[in-house]
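I have placed the structure first, in the form of structure tokens, so that the comments after it can refer back to it.
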Amino acid sequence: MHDLRTLRESFDDIRERLGARGADVQWDSLRKLIEERRAMTGQVEQLRHELKKGSDDVARLKREKQPAEAAIAAMKAVGERIAQGEAGLRQVEEALNDLAFRIPNLPHATVPAGKDSGSNTEVRRVGTPPRFSIPAKSHWELGESLGILDFDRAAKIAGARFAVLTGAGARLERALINFMLDLHTMRHGYREVLPPFMVNRPAMTGTGQLPKFEEDLFRLADEDYFLIPTAEVPVTNLHRDEILSESQLPIRYTAYTPCFRREAGSYGKDTKGLIRLHQFNKVELVAFTTPEKSYAELERLTTHAEAVLQQLGLHYRVMLLCTGDLGFSSAKTYDLEVWLPSQNQYREISSCSNFEGFQARRAGIRYKGTGGKKDARTEFVHTLNGSGLAVGRTLLAIMENYQQPDGSIAIPEALQPYMGGMERITKEG
RNA sequence: GGAGAGGUGGCCGAGUGGCCGAAGGCGGCGGUUUGCUAAACCGUUGUAGGGGCUAAAACCUCUACCGAGGGUUCAAAUCCCUCCCUCUCCGCCA
């Protein structure tokens with residue numbers, strides 16, 4: 001959500017800077033509605049002022065035992081005009097919000113221009129890919145032959161794009177969750193949160209999933225609740241409609257949740273394996289900070305996500321997304337891409353974004369300076385988040401990168417304490 | 001699911017139709033006093049939108065907001081309706 005005043009005052013500038021991102025925004029209607037709203041607001045407020053004064057006159061006349069019929073009649077007429085004006089204003093505001101909520105965020109100046117992921121730029125590459133004497137197997141081949149992944153039965157009980165983990169596979173997933181949470185809470189200073197996995201409509205609107213992306217979400221049939229597509233939604237909305245004290249900032253949360261996504265429009269993509277599922281686990285990092293510090297926070301948060309990959313010994317690269325590949329609410333995003341030997345390519349495993357005030361304006365998350373009167377201005381915070389990491393993709397990356405010639409899987413050292421000292425996953429008897 | 005109670009400013013808490021944006025207290029901020037701290041005293045203290053002034057603020061002014069949305073009335077925190085949320089008891093469950 002953009003600030004409407006800024007939008008009005010810098011209309012053409014914003015329109016131009018949004019470029020292709022704003023292609024499906026109805027700019028002309030938008031401009032008209034903004035002006036209409038302004039004019040109508042003035043009119044209605046003027047009338048209300050009249051009514052207020054008139055009513056006070058009635059009160060005074062009655063107190064002085066004087067006839068008030070004429071004044072009452074006049075105010076009745078004013079009241080009717082107000083009702084008309086308000087009805088019109090409501091219509092305009094509804095139409096305006098409908099358009100304004102669909103405008104994506106402005107990219108930060110350091111974001112490269114580009115149409116699609118082809119224009120993303122590589123920032124750095126860390127570690128080295130493992131070498132294999134024989135062609136690397138895919139994680140689904142490894143998993144099914146080890147008996148720790150079961151897609152057939154998942155399809156039976158749920159459908160396509162679901163997975164069942166069993167035995168050491170299930171334990172490895174659980175170990176990863178604990179490992180990541182411990183790292184972020186004990187080493188990186190985040191506070192752990194375990195939020196609801198379904199949320200209401202205002203929460204989804206606050207972080208930008210609604211109204212534009214409802215078809216990507218699972219919604220309950222009998223209640224207006226949505227299954228969360230990421231912990232970003234409940235955790236960012238924790239402070240919805242709050243005014244935080246500047247001394248509380250930055251606030252850093254980490255949360256494990258399952259994530260639910262319809263994956264509408266991705267038919268045929270990544271149909272095998274754990275890459276793209278309707279339900280997956282993720283450990284998320286969320287931060288609230290001041291506008292001055294949010295870009296430093298983005299760098300910091302990104303390194304926290306990278307730390308997971310480094311400790312697990314996985315090779316990855318950091319990509320800076322171009323304007324065309326940026327998410328709807330984001331001003332700047334780094335993707336972390338892990339090396340997958342079976343695919344011979346890098347695949348996204350984390351996405352770290354600074355939303356600046358975009359979500360905060362929608363969700364009403366502000367802060368107030370703690371100094372004297374002059375610093376006490378109330379402003380919108382900047383919100384950030386990043387995966388730290390997508391657990392399922394981490395698991396499959398470990399399977400593929402740590403596979404052994406005999407089909408077993410070595411467990412990275414950092415994870416062994418979380419696996420009861422297990423060093424290797426072998427076929428279970 | 002059944003029965004009851006309640007939602008007022010950062011917090012507590014008054015207010016049942018007319019200068020109520022809202023008494024009082026606490027907290028916060030500024031100040032006086034003070035060797036320092038505490039106490040005391042004085043002042044100040046919500047958010048949003050529109051307009052004016054401005055380089056921008058400060059500031060001035062209007063409007064809205066007493067859980068949310070409707071309604072009654074010249075006039076609603078106060079009366080009516082619907083919804084949401086919280087609490088207590090019972091039932092049911094993990």
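The values are calculated or read from the model by the stated rules, or taken from the named source; none is laboratory data. A quick note: this is a predicted structure, and the numbers were derived from the prediction, not measured. As a convention, Cβ positions derive from the backbone with ideal geometry for all residues, glycine included, and neighbour counts pool all protein chains shown. Areas reflect the complete protein model, heavy atoms only, side chains present, ligands, DNA and RNA absent. Shrake-Rupley method; radii C 1.70, N 1.55, O 1.52, S 1.80 Å.
Below are the figures for this structure:
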read-out	value
Solvent exposure ordering (accessible area, 1.4 Å, most first) of A:K212, A:K368, A:K332	A:K368, A:K212, A:K332
A:F197-A:Q343 pseudo-label distance in nm [points 7 Å out on the Cα-to-Cβ vector]	2.4 nm
For chain A: Kirkwood Rh in Å [reciprocal of mean 1/r, alpha carbons]	24.5 Å
Vicinal HN-Hα couplings computed from phi for region A:89-94 (Karplus, 6.51 cos²θ - 1.76 cosθ + 1.60; Hz; Gly/Pro x)	4, 4, 4, 4, 5, 4
Highest to lowest packing among A:109-118, A:405-414, scored as the average C-beta count within 10 Å	A:405-414, A:109-118
Estimated translational D of region A:131-239 in µm²/s (Stokes, Kirkwood radius over Cα pairs; 20 °C; 1.002 mPa s)	125 µm²/s
Rg over Rh [alpha-carbon atoms, Kirkwood Rh] for region A:380-429	1.20
Hz values of 3J(HN,Hα) by residue in region A:19-34 - Karplus curve (6.51, -1.76, 1.60), Gly and Pro given as x	x, 5, 4, x, 4, 9, 8, 8, 4, 5, 4, 4, 4, 5, 5, 4
Test item: Cα-centred dipole of chain A, Lys/Arg +1 and Asp/Glu -1 on Cβ, debye	620 debye
Cleavage-rule hits (GluC sites (Glu not before Pro)) in region A:27-76: DSSP loop, at most 11 neighbouring Cβ within 10 angstrom	A:E64
In Å², nearest 10: area of A:D270 left accessible to a 1.4 Å probe	40 Å²
Amide H contacts under 5 Å for A:S350, placed H, 5+ residues apart	A:L336
Backbone HN-Hα couplings from phi across region A:280-297 [Karplus 6.51/-1.76/1.60, Hz, Gly and Pro as x]	8, 9, 8, 9, 10, 10, 10, 9, 10, 8, 7, x, 5, 9, 6, 6, 5, 5
Kirkwood hydrodynamic radius (C-alpha pairs) into Stokes-Einstein, region A:4-100, 37 °C and 0.692 mPa s, D in µm²/s	205 µm²/s
Label-zone membership for region A:284-328, site A:E122, 7 angstrom Cα→C-beta point, backbone N under 13 Å	A:316-320
Lys, Arg +1 and Asp, Glu -1 on Cβ, resulting dipole of region A:46-101 about Cα centre, debye, nearest 20	420 debye
For chain A, with +1 on Lys and Arg beta carbons and -1 on Asp and Glu, the positive-most of A:L51, A:Y190, A:F218 along the dipole	A:L51
Chain A, relative contact order in percent, only Cα pairs under 8 angstrom and at least six apart counted	20 percent
Among A:L395, A:L106, A:T128 - extreme Cα towards positive end, dipole of chain A, charges at beta-carbon	A:L106
Cross-link table A:K115/A:K269; A:K115/A:K137; A:K212/A:K332; A:K32/A:K53, entries beyond 27 Å C-alpha to C-alpha	A:K115/A:K137; A:K32/A:K53
Residue (of A:T378, A:G206, A:V308) at the positive-pole extreme of chain A, dipole from beta-carbon charges	A:T378
Rounded accessible area of A:E192 (nearest 10 Å², 1.4 Å probe)	110 Å²
